[in-house]
Amino acid sequence: MNPARTEYKFVISTNQRDRLCEEIGGRLGVDQAPGNEGRYPIISQYYDSPERDCYWEKVRRLQSRRKVRVRMYGSDLAAIPPTGFVEIKHKLDGVGGKRRLPVTVDVARRFVAGEQDALRDMLPTVGRSGRMIINEVFDMVERNGHEPAMQIRYDRCAFTTPDEMFRVTFDSDLLCRSGVHPLRADDPDYTQQILDPDLVMLEVKSIGPVPYWFRVWIAEAGLTRESFSKYCTAVEKHDPVLRALRGMPLTAA
């Protein structure tokens, strides 16, 4: 049996990030997959129902839940071109994971713009697992009425072991925008803050025990594990639909 995968999230300062990046740089390699030496922007389009069911399921800590996300990694200026994915984020009996299908940037853009055939036309070419993901996406989009609800943008710095058993990511400049917008790689047109600019989201994913040196650093820094959702925080602060449902005024950008 494979060791369980553990995930930890911490909200840290930019100064703490800089110190830890220096420490990690001597122990882990940078994630080269998206190019640009482990640093790359991420744009994510989250889907939800008009009643914001995904948000409420997370807030109420339902043990089994799922949501659709279309994600674009990278920049047109990077050594490696941007890449796209259609994903089902899921939690089953409290254990989280995701099923993802690689798509072209064009397919990702067209699907978010409402051209559902852009994804449906891939069915004959993606194999059994790909078809299952596409069918699940359409089950949520067509049967459950999920639609684009919130776009989120941030810059990621990622480190990993060669076997990817231990991975550390730092997400900074977390910004969002509600409503329907074109999906573009490294789009700078985001103004609504999810976190203060001086704060960074640190996420740790480990298969097996977290390395001792990292646990020592966490203890010495006095960090406490947090349950933090970029999507839920963005929706709480800036989604006019949710705030209307809750009878709350909109916040400033």
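The values are calculated or read from the model by the stated rules, or taken from the named source; none is laboratory data. All figures in this text were calculated on a predicted structure; none of them were measured in a lab. Cβ atoms come from the backbone with ideal geometry, glycine included; neighbour counts cover every protein chain shown.
Being touching a strand residue (DSSP E or B) at 6+ places or on another chain (Cβ under 8 Å), surrounded by fewer than 19 Cβ atoms within 10 Å (Cβ to Cβ) and in contact (Cβ under 8 Å) with a residue 12 or more places away in the chain is a description that does not apply to Val200.
In region 73-103, the qualifying residues are those that are surrounded by 14 or more Cβ atoms within 10 Å (Cβ to Cβ) and among the β-branched types (Val, Ile, Thr), and the one that is nearest to Arg39 (Cα to Cα) is Ile80. Close Cβ contacts (under 8 Å, 6 or more residues apart or on different chains) running from residues in region 225-237 that are more than 14 Å from Ser178 (Cβ to Cβ) to residues that are part of a helix (DSSP H, G or I) comprise Ser229/Lys58.
Every listed requirement among (1) hydrophobic (A, V, I, L, M, F, W, C); (2) surrounded by fewer than 18 Cβ atoms within 10 Å (Cβ to Cβ); (3) closer than 23 Å to Thr14 by Cβ is met by Ile194 save one, (2).
Listed conditions (1) over 17 Å from the mean Cα position of the chain (by Cα); (2) among the polar types (S, T, N, Q); (3) at pLDDT 85 or above are all met by Ser75, apart from (1). Residue-level check: of (1) among the charged types (D, E, K, R); (2) modelled with pLDDT under 85; (3) on the phi < 0 side of the Ramachandran plot; (4) not in a strand (DSSP E or B), Lys98 misses just (4).
Let's see how each residue does on (1) more than 22 Å from the chain's Cα centre (by Cα); (2) within 30 Å of Val204 (Cα to Cα); (3) surrounded by 19 or more Cβ atoms within 10 Å (Cβ to Cβ):
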| residue | (1), (2), (3) |
| --- | --- |
| Ala113 | no, no, no |
| Asp117 | yes, no, no |
| Val126 | yes, no, no |
| Ser129 | no, yes, no |
| Asn135 | no, no, no |
| His146 | no, yes, yes |
| Met150 | no, yes, yes |
| Tyr154 | no, yes, yes |
| Cys157 | no, yes, yes |
